[in-house]
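The values are calculated or read from the model by the stated rules, or taken from the named source; none is laboratory data. All of these numbers come straight from a predicted model, not from anything done at the bench. So basically every Cβ, Gly included, is an ideal-geometry build from the backbone, and we count neighbours across all protein chains shown.
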Amino acid sequence: MTWKRVDQVLAALFPVRCLLCGQATGDLAPVCPGCRGDLPWIDPRNPGPGVIPGVHVRCALRYEYPVDRLVAAAKFGRQLPVARGLGQLLAAGMPPLAEPPDAVVPVPLHWRREADRGFNQAEEIARGLCDDRGWPLRADLCRRVRPTPEQSGLGAAHRRQNLEGAFALVNPRALARCGHILLVDDVLTTGATVAALSGLFLAAGVQQLSVWTAAYTPPPADQVAARKV
């Protein structure tokens, strides 16, 4: 039985209720259709944040209420349907691609943190995205080899230092067949995490690299500009 089929069975037995209004959502999305329209979507026609030179970065939603609540529920509340639902929201907020990626790679967690949380929220977001788009999920191409403190609360410089030597590529045969890799994470803040991973993939010869995240924390200047629009 596939993950998608399991999700459908669970949704039928235990209907997912909107985290914002409490109504049944009708699918695995964490919010109902009405509340979904009120989310702080980022216009996909706007250029993405240029946090990684040469890498195409796109984010679906601004990291503000109620998106921060959804991410916290998936990341720290062990709510697997919410993580999958964020993947559906990511799929809904991104434009179609002319050519699908050869591999969708979630940002890995160290095995100890994944065991503590029960799952890797980035992998489940990527799973929701891949189920929607029909793309190949490849969580076996990289791993986190060094446990690191939480990035939350750290400045940009400390985030980069925190991630030095944290990741390693694996499965080089499979990687050699991937001309276009799409990295997926929950939230983009300074870009330190996806930049560390991007450097590894680009150094290994990946020709095209993209980054999609469910949410984006804009710098203060961008937040002020957004409020004036």
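Only a single item in (1) surrounded by fewer than 16 Cβ atoms within 10 Å (Cβ to Cβ); (2) of a type in the set (A, V, I, L, M, F, W, C); (3) modelled with pLDDT under 90 is not met by Val170, and it is number (3). The set of residues in segment 95-107 being surrounded by 19 or more Cβ atoms within 10 Å (Cβ to Cβ) and out of contact with any Cys (no Cβ under 6 Å at 6 or more places or on another chain) consists of Pro101, Val105, Pro106, Val107. Scanning segment 20-76 for residues that are charged (D, E, K, R), over 30 Å from Gly199 (Cβ atoms) and not in a helix (DSSP H, G or I) gives Asp27, Asp38. Looking only at residues in segment 88-101 that are touching a Pro at 6+ places or on another chain (Cβ under 7 Å) and assigned to a loop (DSSP other than H, G, I, E, B), the one that is modelled with the highest pLDDT is Met94. Counting only residues that are surrounded by fewer than 24 Cβ atoms within 10 Å (Cβ to Cβ) and among the basic types (Lys, Arg), segment 81-94 holds 0 of them. Being closer than 24 Å to Ala168 by Cβ, outside any strand (DSSP E or B) and free of Cβ contacts under 8 Å to residues at least 12 places away in the same chain is a description that does not apply to Glu124. Do the conditions hold for Val105, that is, is it β-branched (Val, Ile, Thr) and not in a loop (DSSP other than H, G, I, E, B)? It is true that Val105 is β-branched (Val, Ile, Thr) and not in a loop (DSSP other than H, G, I, E, B).
Summed over segment 193-215, the residues that are surrounded by fewer than 22 Cβ atoms within 10 Å (Cβ to Cβ), among the aliphatic types (A, V, I, L, M) and in contact (Cβ under 8 Å) with a residue 12 or more places away in the chain give a count of 6.
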